[in-house]
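A.B. asks: Can you read through this structure? Questions will come right after.
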Amino acid sequence: MIEITEALLIKLAGPSAYERGLKYFAEGRVTAIDSSERHTAAIVHGTEAYSVQLTHTHRQLDGACDCPASEGIEFCKRCVALALVLQERQINGALLEHGSDEEKLKAYLALQTPGTLVAELMRASKELPELRERMLLQAELATDPAPARRLKEAITKVTRPRPLWEYGQVAAYFARVEATLDNVLAVANQINTDVLLKTVLYGIERLEKALEHVDDSGGYRFGVYRLHQLHVETLRRLEWSPDRK
């Protein structure tokens, strides 16, 4: 396939259509993509859904769309949007062959279908409880900016006070605490501020009680320090007036 570049697409569509097509691509308006060696078809959504066809060889790229602006001939913004999908695939294909391990992994994931990614994440969530908890928290945040119950349950689960003195047990205990705090910190900016403040104070209280029963001679109080730091940051977000108590 011809190398798809910004210069090529501007030449085919013009600067204005290129910019609008770039916006369509960034907004994920290209769906139902069906591609072969020389042809790629898709549905591109705008005010209406239109069928787009691209023909690509090693030397040229042609486009057609059934929208009024294209009349089946001109390389319109929807053709640009679909061409940008192919460009992204070209870039990811090159990274798969020559990129670093991180680049190869990112490129591989980018080339997977949404269904494949969902299946992989569901499988991983069964093996990694911390990942499962984070995704469940994100799922609740999608509809509720104040998932107080789940936050409290997650902290309660990992901070149950019980006598622990053996080094391995203590390390494992605080590793679970750290993982839960990582989940809270990862979504802190998305959580309702009042709920976040209550969550932080609850977490500090739970950890301080836990440390009365757990041997902390190895210096595992980092989680408490992180919560205190988040406490300060949350208070700044509240923007309390001087007379508020």
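The values are calculated or read from the model by the stated rules, or taken from the named source; none is laboratory data. The structure displayed is predicted, hence computed values, not measured ones. Positions of Cβ are generated from backbone atoms using ideal geometry, with glycine treated the same way; all protein chains shown enter the neighbour counts.
A.B. asks: Look at the stretch 87-115 and say how many of its residues are closer than 19 Å to ASP34 by Cα and in a helix (DSSP H, G or I).
C.D. replies: Qualifying residue count for the region: 12.
A.B. asks: How many residues are small (Gly, Ala, Ser) and in a strand (DSSP E or B) when one looks only at the stretch 9-55?
C.D. replies: So in the stretch 9-55, the residues small (Gly, Ala, Ser) come out as 13-14, 16-17, 21, 26, 28, 32, 35-36, 41-42, 46, 49, 51.
Now narrow it down to the ones that are in a strand (DSSP E or B): 32, 35, 41-42, 49, 51.
Going through the stretch 9-55 one residue at a time, the tally reaches 6.
A.B. asks: Out of GLU212, GLU239, GLU208, GLU153, which single residue is among the acidic types (Asp, Glu), farther than 25 Å from LEU131 by Cα and without any contact (Cβ under 8 Å) to a residue 12 or more places away in the chain?
C.D. replies: None of the others qualify; the one that does is GLU239.
A.B. asks: Of the numbered conditions (1) over 30 Å from GLU212 (Cα atoms); (2) modelled with pLDDT under 90; (3) in contact with a Leu (Cβ under 9 Å, 6 or more places away or on another chain), LEU131 satisfies every one except a single condition; which is it?
C.D. replies: LEU131 satisfies all of (1) over 30 Å from GLU212 (Cα atoms); (2) modelled with pLDDT under 90; (3) in contact with a Leu (Cβ under 9 Å, 6 or more places away or on another chain) except (1).
A.B. asks: Can you name the number of the only condition in (1) among the basic types (Lys, Arg); (2) in the same structural domain as HIS213 (by TED's automatic domain parsing); (3) over 18 Å from VAL195 (Cβ atoms) that ARG149 fails?
C.D. replies: Of (1) among the basic types (Lys, Arg); (2) in the same structural domain as HIS213 (by TED's automatic domain parsing); (3) over 18 Å from VAL195 (Cβ atoms), only one is false for ARG149: (3).
A.B. asks: Here's a follow-up. Taking ASP101 and the conditions (1) under 22 Å from the mean Cα position of the chain (by Cα); (2) under 25 Å from LEU201 (Cβ atoms); (3) not hydrophobic (A, V, I, L, M, F, W, C), which numbered condition does it fall short on, given that it satisfies the others?
C.D. replies: Status for ASP101: all satisfied but (2).
A.B. asks: Could you check, for the stretch 163-186, whether at least one of its residues is modelled with pLDDT of 85 or more, over 24 Å from the mean Cα position of the chain (by Cα) and among the charged types (D, E, K, R)?
C.D. replies: No: zero hits.
A.B. asks: Something else about it: Residues in the stretch 70-86: is at least one β-branched (Val, Ile, Thr), assigned to a helix (DSSP H, G or I), closer than 19 Å to GLU37 by Cα and without any contact (Cβ under 8 Å) to a residue 24 or more places away in the chain? Break it down stepwise before answering.
C.D. replies: Start the filter on the stretch 70-86 by keeping residues that are β-branched (Val, Ile, Thr), which leaves 73, 80, 85.
From what is left, the residues that are assigned to a helix (DSSP H, G or I) are 80, 85.
So of that shortlist, the ones also closer than 19 Å to GLU37 by Cα come out as 80, 85.
When the remaining residues are screened for being without any contact (Cβ under 8 Å) to a residue 24 or more places away in the chain, the result is none.
No - not one qualifying residue is present in the stretch 70-86.
A.B. asks: Please verify whether the stretch 2-13 includes one or more residues that are small (Gly, Ala, Ser) and buried (at least 16 other Cβ atoms within 10 Å of the Cβ). Full working, then the answer.
C.D. replies: Narrowing the stretch 2-13 to residues small (Gly, Ala, Ser): 7, 13.
Within this subset, residues satisfying the condition of being buried (at least 16 other Cβ atoms within 10 Å of the Cβ) are 13.
For the stretch 2-13, residues small (Gly, Ala, Ser) and buried (at least 16 other Cβ atoms within 10 Å of the Cβ): present.
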